[in-house]
1. Using only atoms on other chains, find how many Cβ atoms lie within 10 Å of each Cβ of peptide B:283-291 and report the average.
2. Across the residues of B:275-282, average count of Cβ atoms on other protein chains within 10 Å?
3. With contacts defined as alpha carbon pairs under 8 Å and 6 or more residues apart, what's the relative contact order of chain B in percent?
4. Give the cross-link partners of residue B:297 among the lysines, using a straight C-alpha distance below 30 Å as the criterion and excluding same-chain residues fewer than 8 apart.
5. Quick one: among B:28, B:83, B:263, which has the greatest mean-square fluctuation in a GNM of chain B with alpha-carbon springs under 10 angstrom?
6. Considering only DSSP states other than H, G, I, E and B, which chymotrypsin sites (Phe, Trp or Tyr not before Pro) in the range B:181-287 qualify as loop sites with at most 16 other Cβ atoms within 10 Å?
7. How about the range A:78-130: which trypsin sites (Lys or Arg not before Pro) there are in a DSSP loop, with at most 11 other Cβ atoms within 10 Å of their Cβ?
8. Mind listing the phi-derived Karplus ³J(HN,Hα) values for the range A:146-163, rounded to whole Hz, using 6.51, -1.76 and 1.60 with θ = phi - 60°, and x for any glycine or proline?
Amino acid sequence: MFSNLRSIFIVFLHMFHKRVTIEYPEKKAYLAPRWRGRIVLTRDPDHQERCVGCYLCAAACPVDCIALQATEDKDGRRYPEFFRINFSRCIFCGFCEEACPTDAIQLIPDFEMSEYKRQNLVYEKEDLLIDGQGKYHGYNYYRVAGVAVGVKEKGKGENEDKPVDIKKLMP
Amino acid sequence: MSETWINILMVAGILVSLLTLAAELIWVERRMLALWQDRLGPNRTGPFGAFQVVADMIKIFFKEDWIPAFADKKVFIIAPAIVMITILMSYAIIPFTSEIGIVNLNIGLLFFLATSSIGAYSVVLAGWSSNNKYSLLGAIRGAAQMISYEVFMGLSLMGVVMLAGSFNMHDIVMAQKHSWFIIPQFIGFVIFFIAGIAETHRLPFDIPEAESELVAGYHSEYSGMKFGMFFVGEYLGIMLISALITTLFFGGWLGPSFLPPIVWFLLKMFVFILCFILLRASLPRLRYDQLMALGWKILLPLSLLNLLITGAIILYYQ
């Protein structure tokens, strides 16, 4: 009996508590920097596409929502010919970001991607590609990789020694 | 204007304002529940979301009015009408002020008890005609609950009747000119309030329509406006019980003269409506046998005792 009255009183006092509701379209909720939202393709510091078309994201994707086709430019640099993500299937698990060896594919804190037509949720490469570097700054795969594909000459990369002249005796 | 026309206008005016108020109560309840749960509630449509009910009504009118093939069609249609009619009929005896009121019956209180008993039929018939196990279970529970709580609902009011010496609602209000009946009849008030909650099957006594165990109980087969009638009927019931508590225990329209009598009446009524909503916000549902035990083993003896003591005191001072 008393405990009932007490709980009624406690509930009544909740009238004066702070509201937990965030009135969404006017006020935005805080999204953590690591929030897994819309997927983007980023560029390296030289403003080139980071994606090398290795298919690891497509392989890691548990719902098979990523489709791409790799190709090469005249220097031999790999890039995706098309890159397509079907966001009506995507479950925003972030496995693609974890799989990506070049930090190209990244999930950003944005969830406002409603559409009236399902087909509009299929994003092509021009929709996915952004101008910046996303969450990981300063990383440029072709500057640390061994191959020379027009970005740097042999031996000019970061953490890379000059090539050894095999015709000489000197070290 | 002739007297007939005034009466017709009065009836129509009270009917329209009651239905509007009952519908708007849905919004009030949602806002208040939200308030007590640290939320905001519906606040988008119209000022403070007050037109939410209008939107809901438009939606409910355009919904498919589906009657299950296995249902007893005639009874199925009549049942939601009964709840509305009986509750609206009970309002006939409520004196909103000394002038506003439909009829001044000398057996007012008995009339209310009679009509609210008929209200049990709607629950039973709805559950029976739905031809559905859960509905029938809900109907059986509802019937048992309403019948057993009806008994001491009437008995708890007899103290008031003894003090006022009349069944007439106007006389009962006028008898409270000096002090409200809540003071001598506090136990009667508590019992009537509990019985009123059970009568309108509101939480914590909403076992006939317990969502979590009976899938909405007796009205689980209803859709569209038929469901809407049960829903509005429930809110009409809350208002009826609140209005009765106001009239019987809190001096009806009487109050200091800086506010008109109708405002006093509505103000008191609204406080009790809020109490109903607060109970819903705070208390969990009782088990069925607990409800029955509470009714027959505690509240019935208590109301009889209250009656005995009141009678003895009245006799002593005569």
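1. 1
2. Mean partner-chain Cβ count within 10 Å for B:275-282: 3.
3. 23 percent
4. Partners within reach: B:133.
5. The residue that fluctuates most here is B:263.
6. B:258
7. Working: sites: A:78, A:84, A:89, A:117, A:118, A:125; in loops: A:89, A:117.
Filter output for the range A:78-130: A:117.
8. x, 6, 9, 10, x, 7, 8, 7, 5, x, 9, x, 5, 6, 10, 7, 5, x
Every read-out reported here was derived from the displayed coordinates using simple, explicitly stated rules and does not represent laboratory data. Quantities reported herein were computed from a predicted structural model and do not represent experimental measurements. As a convention, Cβ positions derive from the backbone with ideal geometry for all residues, glycine included, and neighbour counts pool all protein chains shown.
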